[in-house]
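The values are calculated or read from the model by the stated rules, or taken from the named source; none is laboratory data. Treat the numbers as computed from the prediction; the structure is a model and nothing was measured. Positions of Cβ are generated from backbone atoms using ideal geometry, with glycine treated the same way; all protein chains shown enter the neighbour counts. Surface areas here come from the heavy atoms of the whole protein model, side chains and all, with no ligands, DNA or RNA. Shrake-Rupley method; radii C 1.70, N 1.55, O 1.52, S 1.80 Å.
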Amino acid sequence: MDSILETKNLTIAFGGHVAVHDVTIKVEKNKLKSIIGPNGAGKTTFFNLLSGQLKPTNGKVIFNGKEITNLSPTYRTRLGIGRSFQITNVFPNLTCHENVRLAVQSEAGIRYNMFSHFRKFKEINKKADELLQLVLLDNKANELAMNLAHGEKRKLEIAMLLALNTELLLLDEPTAGMSLEEVPKILEVIQNIKEQRNRTILLIEHKIDMVLDLSDSIMVLFNGRLLADGVPEYIMNNEQVQSAYLGGLYDVAT
């Protein structure tokens, strides 16, 4: 298996509480892996360890064969790890196209030049247009970000992450707070990204039906420990998962 991300005995304790306990996993490159578990299972804390918001008490994080355990969130972003909440401050008074174009421009290392109008950067604009199409916002290209619905803002954030040439997307409950009408669109966006098979997605989500449909594999956290890891069919038929709390997962799904 060609893995892009590995954790080895990853552990973090807050006082006497061990929030993530000895988790060892491999995430296959250009696949979608979901993380499920009830509230308090350690899912978001695990994401914080991967993205650098927290430093582990013990264990290692390895990305593309390089240990990144002690690297800052900013440096991890430069290496190609993007987390959805890291770009929450979209520019409300700019259009969707301008928001994405600035992210593309930043990744390309192009700074402001008073003698060159931005329209001259054809490749930059072309990539921004392609990303907006990928996240189903091409019809909103000239819409101010402040006028977008919540689900549309989430899609814009994803487009800006993709503009940074992110190899690994960490999506923490991307459908949270969305209306029922918005959810299918964000699912379509995630499916579109997955089908390109040039990025890896690690997804936290409570909606089990969504996880089963999207995932190549699923890992199950329970009380900070890795309970099971495998393809969706294996997880759903795993007696340990079922007896421990799978019914509870369905209860909290919204």
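Under a 1.4 angstrom probe, counting protein chains only, how are Met146, Met236 ranked by accessible area, largest first?
Largest to smallest exposure gives the sequence Met146, Met236.
Using a 1.4 Å probe and counting only protein heavy atoms, arrange His150, His17 so the residue with the most accessible area comes first.
His17, His150
Apply 1/(1 + (r/R0)^6) to the Cβ-Cβ distance of Asn147 and Thr74, taking R0 = 30 Å, and write down the FRET efficiency to the nearest 0.05.
After rounding, the FRET efficiency stands at 0.50.
Specify the angular offset, from 0 to 90 degrees and rounded to the nearest 10, of the alpha carbon long axis of helix 122-134 from the longest principal axis of the alpha carbons in the chain.
40
Give me the 1.4 Å probe accessible area per residue for the chain, excluding ligands and nucleic acids, in Å².
48
With charges set only on the Cβ (+1 for Lys and Arg, -1 for Asp and Glu), what does the dipole of the chain come to about its Cα centre, in debye to the nearest 20?
About 1080 debye.
Taking all protein chains together and a probe of 1.4 Å, list Leu202, Leu134 from the most accessible to the least accessible.
The ranking, largest first, comes out as Leu134, Leu202.
Excluding same-chain residues fewer than 8 positions from Lys66, which aspartates and glutamates have a Cα within less than 18 Å of its Cα?
Partners within reach: Asp2, Glu6, Glu28, Glu167.
Rounded to the nearest percent, how much of the accessible area of the range 1-113 (1.4 Å probe, protein heavy atoms only) is carbon and sulfur?
47
Counting only DSSP beta bridges with both residues in the chain, what percent are antiparallel, rounded to the nearest 5?
55
Keeping all protein chains in position, work out how much accessible area Glu123 exposes to a 1.4 Å probe, and write it in Å² to the nearest 10.
Estimated to the nearest 10 Å², Glu123 gives 130 Å².
Quickly estimate the mean residue ellipticity at 222 nm for the chain, helices only: each DSSP H run with n ≥ 4 gives -39500 (n - 2.57), and the total goes over all residues, rounded to 500.
Helix-only estimate at 222 nm: -10000 deg cm²/dmol.
With the cut-off at 1.5 for a/c, could you classify the range 1-75 from its C-alpha gyration tensor as rounded, prolate or oblate?
It is oblate, given that a/c is not under 1.5 and a/b is not larger than b/c.
For Val231, tell me the accessible area in Å² from a 1.4 Å probe, rounded to the nearest 10.
Surface accessible to solvent at Val231 totals approximately 80 Å².
Compute the helix-to-body angle for 96-107: its Cα long axis versus the longest principal axis of the chain, expressed 0 to 90° and rounded to tens.
80
Name the longest site-free stretch of the chain, where the excluded sites are chymotrypsin sites (Phe, Trp or Tyr not before Pro) in a DSSP loop with no more than 13 other beta-carbon atoms within 10 Å.
So the longest stretch without any such site is 116-254.
Would you mind checking the tilt of helix 150-163 against the longest principal axis of the Cα atoms of the chain, expressed as 0 to 90 degrees and rounded to 10?
80
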